[in-house]
Every structure is written in structure tokens, then in C-alpha cells.
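The structure appears below as C-alpha cells.
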Amino acid sequence: MVENQNSTGVVMPLPGTNNAQAARGFVRSVNDWLMECALDDTDISELLSGMVSRLVASGIPIDRVMVAFKTLHPLYEGVSYIWNKETGQVERTTHMGMGEEDQDERDWSESPMKWMLDNDVSFLRRHLIGPSSVLDFPVLESFRRNRGTDYYALMTPFVTDRDSTLDSNRIFMTYLTRRPSGFSDEDLAILSGIQRRFAVSCKMRINHEETSTILETYLGSDAGGRVRNGQIKLGDSTKTRAVIWFSDMRNSTSVATHVGDDAFLGEMNAFFSATAGAVLKHGGQVLRYIGDATLAIFPIGDDENNLEEACLSALYAAAEAQLNIDALNASREGEGKPPFDYGLGMHVGDVIYGNVGVSERVDFTVVGQAANEAARIEQLTKQLGKRVLVSSTVASFISCPTEEMGAYELQGTGVSVKLFAPDFAETCHRIELMRAG
């Protein structure tokens with residue numbers, strides 16, 4: 001079994017080469033291709049699809065393949081990729097693993113992979129039909145009902161960070177066939193022979209994705225992407241025109257006093273989920289959390305035609321935040337907790353975000369007069385008795401009624417800005433209809 005390619009790049013089997021030497025040559029050719037993929041940082045879906053196509057074209061009777069591993073992500077704990085012969089496609093699934101009652105957790109606890117991990121077993125093979133069949137895991141019974149005949153699982157450990165509590169990870173790979181005779185010994189030798197190279201290629205991509213996740217989680221999607229692409233030197237910066245959002249929690253001291261220091265972090269997270277979460281939902285970028293305040297933008301870029309769209313996105317985010325806070329407060333009242341409240345200022349202008357600090361310790365931050373003005377607009381919300389205030393430019397592009405509040409000099413800026421208080425009632429109604437739909 002050796003590899004041959006036609007003019008379209010599709011791997012074709014060569015007849016009459018079913019021998020150990022040819023099999024070793026085939027393994028080398030696949031391993032070489034896997035190393036090229038590792039250097040190219042190939043996506044795992046493409047990696048799996050390309051590898052399986054080579055194996056199937058060489059004559060190995062594969063009907064299903066799964067690749068699974070843990071990952072560092074704030075929303076889920078693991079990822080799996082499944083290739084099925086029926087579709088020829090790879091499906092990616094994330095797994096929460098949030099507790100014993102979670103279906104993902106139950107499936108994992110009863111799986112061959114969990115048993116392999118607990119017993120430090122690197123491979124497992126189960127015949128699913130015939131006198132030698134062993135169906136000692138629930139998933140194997142479901143595979144047999146789906147005409148599976150033979151199952152082969154491999155586990156490859158690798159170190160992620162020796163100095164971290166994450167320590168090591170495992171790449172699991174399982175193969176299923178429906179061929180009546182199952183996998184041959186030569187089939188299993190080939191699958192085992194390419195496993196470590198496949199794991200290396202996956203590890204390269206996993207490290208890339210986890211680095212991206214960390215940067216985007218701590219810096220935001222745009223800033224994280226810029227840092228990942230090399231903007232890490234002291235003084236590196238980018239100017240962008242945007243609708244600027246600055247929101248701040250009110251009466252945070254009374255909330256902290258009521259719940260205590262240990263629980264206050266959870267209170268802040270609930271507040272940010274309601275406010276900053278609304279920004280992200282409507283296409284904004286959260287740039288910084290400053291204590292219990294949020295600085296975010298809805299980018300306009302160089303095309304002023306994007307200004308109206310950015311203002312409308314900010315409008316819907318502000319209305320969504322109001323609905324979220326009101327819903328939170330309804331539940332907090334029943335729990336005897338003080339209500340959340342906030343002020344929000346929105347403005348249009350240029351912001352510069354980039355690296356400040358010292359060479360050994362850089363922070364990615366935001367500066368600019370427009371950002372300062374948005375913060376000063378927010379400060380006036382309490383004085384004027386309004387939860388949200390926007391500058392005249394924002395007011396002229398949002399599709400809701402506004403109350404003119406007059407012109408005010410923004411503290412410490414020497415700038416006077418005409419301010420408006422939006423009425424979100426109709427926008428909130430639209431959002432509620434979309435939620436119901």
C-alpha cells in the first residue's frame with residue numbers, strides 16, 4: 001500500500017503492493033505530508049480531512065474518525081472533530097464539561113477515552129461483532145447498532161507548559177470501520193505509525209488557537225489580533241474612528257458592602273455580562289475594563305458611510321444592556337440584593353490604542369481626547385438624572401426619540417458638547433420581539 005497521486009492531487013492506491021515495505025513507504029509519505037501541514041499551521045479540520053482521504057484512498061476501510069482534546073477557552077473545556085464517510089465532511093463540536101449532570105460530562109465519564117486516561121493506556125481495540133466482540137462501553141453498543149464492526153482508539157500525550165498547572169494534554173483519536181472482517185493488522189500498524197506525527201500537527205494548531213484565545217480574551221478580538229500579528233513593541237499604535245462607549249456601574253460601594261469582598265467579583269461579572277455582553281452581541285469591541293467601568297468602540301474606520309451603521313449598533317447595544325440590567329434587578333429584588341444601575345456616555349471620534357509602559361512590561365491601552373470626552377459625558381448622567389447620554393453626532397444617526405439636554409462643558413477638556421438622552425422604549429420592544437422569535 002503506497003501513495004500515488006493523479007493530476008488532480010487525489011491519492012490513488014497502487015495495486016499489488018500489499019506488503020510491509022510498501023506499507024512503511026506509505027506511512028513515511030503520510031508523515032512527511034503531516035509535517036508540512038504542521039509547518040503551514042493547517043486547520044485541524046483540513047488536517048483530518050486530508051489525512052483520512054489518503055488513508056481511505058490507500059485501501060484502509062475507515063467509516064468514522066474522531067479527534068478530541070482539551071483546550072484552554074473561557075466558554076468550553078474540550079473540542080472534538082468527527083469525520084463520517086457518508087458525508088465526507090468534518091464536524092467540529094465544543095464540549096462544556098460543566099458538571100456531573102451535564103451530558104458531555106456523562107458521555108466522557110463512560111467513554112473508552114476516559115478509561116484509557118485513568119489507566120494510562122495508549123491504545124485500545126474492540127471487535128464489535130462475532131465471538132471476540134467486547135462491548136464494555138455504551139458508545140460501542142451504539143456503533144454496533146450503526147453497523148460498526150471494529151473500533152480502534154489511540155491516545156497521545158504531550159506537554160503544554162511544564163511551568164503551568166495545565167501541564168499536559170492528550171490527543172485522542174478513534175477509528176471505526178464497517179468492513180465485516182474489521183481492521184487488518186496492517187491497517188492498525190499504519191494507523192499507529194502516523195499517530196504521533198498527526199498529534200504533532202494538531203499540537204501546533206492547538207497552541208496557535210490557544211494563543212489567539214488568550215489574546216482575544218484579555219485584549220479583545222481586534223487588539224488581540226494586532227498583538228498576535230506583531231504589534232508588541234513599546235509605542236506601536238493604531239488610530240481608528242469609532243462610536244465610543246463608556247459605561248460605569250453606579251453605587252458599586254453599596255453593592256460591595258452588601259455582598260462582601262469575596263462575592264463582589266461575581267457581582268461585577270454579572271454586571272459586565274449584562275452591559276459589555278450587549279456590546280459584543282451587537283458587533284462592538286470591548287477594549288478595557290477600568291475598575292467597574294467599560295470602554296468599548298463600534299468601529300467606523302476610514303469610510304464615513306459606516307457611521308450610521310455604527311451608531312445603530314451602539315443604539316441596539318445600549319437598549320439590550322438596559323433590558324439585561326432590568327431583568328437582573330427583577331431577580332435581585334427577590335434575593336434582597338441592591339439593584340444594579342449604571343451611567344453610559346456615547347460619543348464619536350478618534351481613539352488611539354497601542355502599547356504603553358516599559359519594554360519588559362507592556363500594556364495594550366486606549367488613549368485619545370474622544371475617549372476622555374466619552375468618559376466625561378458618562379459622568380454627567382448622574383448630574384442630569386439620565387442613565388444614557390449621547391453627543392449630537394450619535395443622536396443624529398440613531399432611530400429613536402431623544403430629549404435635548406443642552407450644551408455642557410466637559411470637565412477637564414475645555415470642550416462644550418450638546419447632549420441628548422435617548423428613549424429606548426421602541427428599540428427595547430423590537431429586541432424583545434426578536435428574542436421571542
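Check the chain and count each lysine pair with an alpha-carbon distance under 24 angstrom, considering only pairs eight or more places apart or from different chains.
9
Hey, rough spin-label estimate for Arg430 and Leu265, points 7 angstrom out along Cα→Cβ, what's it come to in nanometres?
Between Arg430 and Leu265, the simple spin-label model gives 3.9 nm.
Suppose R0 equals 22 Å; then what is the FRET efficiency for Ser392 and Thr413 from their Cβ-Cβ distance, rounded to the nearest 0.05? List each step's numbers first, then the result.
Working: r = 16 Å, r/R0 = 0.71.
It comes out at approximately 0.90.
If ligands, DNA and RNA are left out, what is the accessible area of Lys203 with a 1.4 Å probe, given in Å² to the nearest 10?
Lys203 exposes around 60 Å² with every protein chain in place.
When the Cα centres of region 138-160 and region 232-264 are compared, how far apart do they sit, in Å?
47
For region 261-267, what does the Karplus curve 6.51 cos²θ - 1.76 cosθ + 1.60, with θ = phi - 60°, yield as ³J(HN,Hα) per residue in whole Hz, taken in order and with x for Gly and Pro?
Per residue, the Karplus-derived 3J(HN,Hα) values read 4, 4, 8, 5, 4, x, 5 Hz.
Put +1 on the Cβ of every Lys and Arg and -1 on every Asp and Glu Cβ in the chain; which of Ala327, Leu219, Met35 then has its Cα farthest towards the positive end of the dipole?
Going by the Cα projections, it comes out as Met35.
Quick one: putting +1 on the C-beta of Lys and Arg, -1 on the C-beta of Asp and Glu, what dipole do you get for region 332-402 around its Cα centre, in Debye to the nearest 20?
Computed about the Cα centre, the dipole is about 240 debye.
Using DSSP to define loop residues, name the GluC sites (Glu not before Pro) in region 287-346 whose beta-carbon has at most 10 other beta-carbon atoms within 10 Å.
On the way: sites: Glu304, Glu308, Glu309, Glu320, Glu333, Glu335; in loops: Glu335.
Here the sparse-neighbourhood loop sites are Glu335.
Largest first, what is the accessible-area ranking of Lys239, Lys418 with a 1.4 Å probe?
From most accessible down to least: Lys239, Lys418.
Any idea what the relative contact order of the chain is, in percent, if you count C-alpha pairs under 8 Å spaced at least 6 apart?
After rounding, I find 11 percent.
Students often get this wrong, so try it: which of [x] -0.52, -1.03, -1.11; [y] -0.42, -1.01, -1.13; [z] -0.48, -0.97, -1.07 is log10 I(q)/I(0) by the Debye sum over Cα atoms at q = 0.07, 0.12, 0.13 Å⁻¹ as calculated from the structure shown?
[x]
How many Å² of accessible area per residue for region 213-322, probe 1.4 Å?
Value for region 213-322: 47 Å² per residue.
Which residues in region 410-437 place their backbone N less than 15 Å from a point set 7 Å from the Cα of Glu403 along the Cα-to-Cβ direction?
The answer is 419-426.
On the protein heavy atoms, probe 1.4 angstrom, tell me the percent of accessible surface of the chain carried by carbon and sulfur.
Here carbon and sulfur together make up 49 percent of the probe-accessible area.
Net charge within 9 Å of Thr381 by Cβ-Cβ distance, Lys/Arg positive one each and Asp/Glu negative one each, not counting Thr381 itself?
Taking every other residue near Thr381 into account, the sum is +2.
If R₀ is 56 angstrom, what is the calculated FRET efficiency for the pair Ile129 and Gln379, using the beta carbon separation as r and rounding to 0.05?
Efficiency, rounded to the nearest 0.05: 0.15.
If I take R0 = 30 Å and measure r between the Cβ atoms of His73 and Val356 in this structure, what FRET efficiency does the formula 1/(1 + (r/R0)^6) give, to the nearest 0.05? Please list the in-between numbers first.
Numbers: r = 28 Å, r/R0 = 0.94.
Taking R0 as 30 Å, the efficiency between His73 and Val356 is 0.60.
Where nothing but the Cβ of Lys and Arg (+1) and of Asp and Glu (-1) is charged, how large is the charge dipole of region 49-96 around its Cα centre, in debye to the nearest 20?
It works out to roughly 120 debye.
So what is the calculated 222 nm ellipticity per residue for the chain, using -39500 (n - 2.57) for each DSSP H run with n of 4 or more, over all residues, to the nearest 500 deg cm²/dmol?
Theoretical 222 nm ellipticity from helices: -14000 deg cm²/dmol.
Which of Thr381, Ile82, Val56 sits closest to the plus end of the dipole of the chain, meaning its Cα is farthest towards the positive end, when Lys and Arg get +1 and Asp and Glu get -1 on the C-beta?
It is Val56, whose Cα lies furthest towards the positive end.
With +1 on each Lys and Arg Cβ and -1 on each Asp and Glu Cβ, how big is the dipole of the chain about its Cα centre, in debye rounded to the nearest 20?
Rounded to the nearest 20 debye, it is 1120 debye.
Of the listed peptides 54-66, 350-362, what is their order by residue-averaged count of other C-beta atoms within 10 Å, with the highest listed first?
Descending mean neighbour count gives 54-66, 350-362.
Just check region 267-358 against the gyration tensor rule for me: Cα atoms, a ≥ b ≥ c as the square roots of the eigenvalues, rounded for a/c under 1.5, and otherwise prolate or oblate depending on whether a/b exceeds b/c.
Taking the square roots of the gyration eigenvalues as a ≥ b ≥ c, region 267-358 is oblate.
Just to confirm my numbers, what's the Cα centroid distance between region 368-411 and region 23-70 in Å?
Using only Cα atoms to place each centre, the spacing works out to 57 Å.
The values are calculated or read from the model by the stated rules, or taken from the named source; none is laboratory data. No experiment lies behind these values; they were computed from the predicted model shown. Cβ atoms come from the backbone with ideal geometry, glycine included; neighbour counts cover every protein chain shown. These accessible areas exclude ligands, DNA and RNA; they are computed on the full protein's heavy atoms, side chains included. Shrake-Rupley method; radii C 1.70, N 1.55, O 1.52, S 1.80 Å.
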